[in-house]
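Below is one structure, written out as structure tokens; the observations come after it.
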Amino acid sequence: MHNSAAPCVCPPWPISARPLAEEAIKQRLTYLRYLEALLATELEERERNTIARRIKDAHLPRMKTLDEFDFSKAPQIAATKIHELAQGGYIERAEPIILIGDCGTGKTHLLTGLCVAACRQKRRVRFATAAALVNELVEAKQQLQLRRVLARWERYDLIAIDEVGYVPMADLGAEFLFQVIAERAEKATVILTTNLPFSEWTQVIPNARLCKALLDRITDRAHIIETGADSFRFRRTVEKGRTKTTG
């Protein structure tokens, strides 16, 4: 009977090991110091990969950060407040954020920037427009998968619902939106953008009782940020037109 040695299965050698080894030789580091540096480098790489995965799984419409937001063109939005929120305390306290303003006033940019900040804190984030979320839930109900889909949405630390108020909702869609928000009340966080003042939400959710219940849930302990009525996009278009004219 012959005994054969078990094959040695080694973890993949980090790509950064060779340059680190060369630098360790130059600086005459001890083995312990070299291993500490190698471990720190691998941990940093794992953290970058985790953050990249969180951002990918969030399904953001585009990558926009708060650093890219021009607060000088939106004086009604308090930069200090937004940056304070970006630290993530509102997520730990399960406090909603509502961004209210006309089209083109930076609501989605701010929402996306807050989502990116949360992803960088390695939180589980999911973005969807209100219409896409409702359509997903209606389809799940038709396929007898509603409970499973709702459970998946409940697992996120933060969900961001964009464009509430752009498309009127049928009663079933409004009930699903209410269910998602109500399930997260005081337990997990929602960020929501809307172009309508609360007094006009019945235009989107005609069922007055359901509309009132939804507003009661989403505004409780919420950070309400008004982005105004002056469209960035329209202003940018006007400025480009002037540049072409003067050019």
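Just so you know, all these numbers are worked out from the coordinates, no wet-lab data involved. Here the structure is a predicted model, which is why all the values come from computation and not from measurement. So basically every Cβ, Gly included, is an ideal-geometry build from the backbone, and we count neighbours across all protein chains shown.
Observations, loosely collected:
- Exceeding the 31 Å Cα-Cα cut-off - candidates LYS64/LYS141; LYS122/LYS212; LYS56/LYS81; LYS56/LYS212: LYS64/LYS141; LYS122/LYS212; LYS56/LYS212
- Measure of compaction for the stretch 58-236 (Cα Rg per 2.2 N^0.38 Å): 0.99
- Listed by chain and number, the aspartates and glutamates whose alpha-carbon sits under 17 Å from that of LYS187, ignoring those within fewer than 8 places in the same chain, are GLU92, GLU95, GLU154, ASP157, ASP216, ASP220.
- Sorting 91-101, 39-49, 75-85, 212-222 by average packing, meaning the other beta carbons within 10 Å per residue, from highest down gives 91-101, 212-222, 75-85, 39-49.
- Summary of packing: across the peptides 185-197, 147-159, the per-residue average of other C-beta atoms within 10 Å ranks them, highest first, as 185-197, 147-159.
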